[in-house]
1. For a 22 Å ceiling on Cα separation, which of these pairs sit above it: Lys372/Lys393; Lys148/Lys368; Lys346/Lys398; Lys148/Lys173?
2. Check cross-link reach from Lys86 to the aspartates and glutamates: straight Cα distance under 20 Å, and skip same-chain residues fewer than eight apart.
3. Compute the FRET efficiency between Lys346 and Lys398 as 1/(1 + (r/R0)^6), taking r as their Cβ-Cβ distance and R0 = 41 Å, and round to the nearest 0.05.
4. What is the percent of Cα-Cα separations in region 129-284 that go past 20 Å?
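Since every read-out is calculated from the coordinates, none of them should be taken as a lab result. Here the structure is a predicted model, which means the values were calculated and not measured. FYI the Cβ positions are ideal-geometry reconstructions off the backbone, even for glycines, and counts take in every protein chain you see.
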Amino acid sequence: MARWLKGVPTRRLWKKTKVPEKSQRKRSGPVSKVAQAGLVVPKARRAFALFLKERSCVKPGAYKLEFAAEMKRLGKVWSSLGDAEKAPYQDQSNAEFLARRTALLQMGVPLRRITCAAAEQKESQPQLHDPEPAAGAMVKLGVQYEIKTILGEGTYGKVFAGRCQYGSPCALKVFSGLHARVECQQGVQSYRLLDEKLNVKERRFFPMLLDADHCGEPWPWMALALGGPSLANRLGSGKLSPDMVSIVANQLQSALRILHQQASLLHLDVKSSNCLWLEEIQLLQLCDLGMAEVQMSVSAQHQALGLKGHHGKVVEQPRLQAYVTALYRPPELFNLQNAQLCTLQKLLSPAVDMWSYGCVVYEAAAGKPLMKLAKPVNASAQRGVAEWCQHYKQMCGKGYQKMLGQNFKTCFPARLSVHECWAEVILNACAPEPMLRHWKQAVVKSV
């Protein structure tokens, strides 16, 4: 029999002794939470694991002792390698850990600490340990800017309302994190491309870049002309009138068409919080070009950026592991397996922004996101998109009205019926197949 000390057995009898609750605790880290939700994140392996996979001579299915002996042999080889020989594996390991961290942040998973790969990064990469600025502080960013209040925050930093040294209002975007300098530089390049490609009338749909420094200390930053509150903030106090929805829809469509056709850019993060709405002059501006990509082939993008692999070949990997906020993301950008991540940018097209546009039009009319299901309360955006695609053909051609009297377990026909004047615009923009999406002018129909 097992001996007991203070109620805890020193030995366990097979299928007889109850396992203490302490040993039954399950891990609840970020990756396990994502796995429980049925989502997919990129693999992240240590440098030695990559080396082991590349050099191992033991085939899958071999005995455990063979794997142990092979690992011991390669461990000695790894120890004898110099820093220059280990560098390619360490670089790939760092890239995998950073890619996984980025994907987790894009999925909205809170991270409690920096990954090991981030701690092992090279000294040449930016180290941003300084805390982010607080509202009401005077900070030195190129020239002096006074930070007033926070306007919003995202994955790579915060946006503050402030004033420049001449007293004019501006929006200060301060970047933080491991990718701060890269993301700031990407945003600056996108805004400068707009300055180069667009005329004055076209440029008014986007905020003006006043100043920026992607190598700024202690934070990379950019200063933009203050364009007013976001559409998401405006919708917090109630939905827009039909006339206002028509103006918002048409101006957002114009901004995206200009972005695609004149600047050859894809926004890839169109949502209500990235649309600035100046209600006094009835002008919409599309902001936050952090995820924007140039419309070109994947190889051409990486040749331009100079991204190369271990053997000097161009690596066809996307800059980000996930594009578009989940509630505004089209179906083709969900369920991308690890083996398909290299094809992610091949799926990026103007049709991605069209889908997000349709979601924003409905949100402006209804005051709530289109793809957010009412039941169950904690349903994911992916489930809402799947349900929309399942009933899309039946809803087309005013089929959503016929579905109301039938036993369909979906909320979308009722939502389109309530906002019937925008239903055709939304259905044209949010077709499940990218090739079927097209623009439709938003016009208020008199009843």
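1. Details: Lys372/Lys393 20 Å; Lys148/Lys368 29 Å; Lys346/Lys398 33 Å; Lys148/Lys173 13 Å.
From Lys372/Lys393; Lys148/Lys368; Lys346/Lys398; Lys148/Lys173, over 22 Å: Lys148/Lys368; Lys346/Lys398.
2. List returned: Glu54, Glu70, Glu96, Glu120, Glu123.
3. On the way: r = 35 Å, r/R0 = 0.85.
My answer for the efficiency is 0.70.
4. On the way: 6314 of 12090 pairs.
Percentage above 20 Å: 52.
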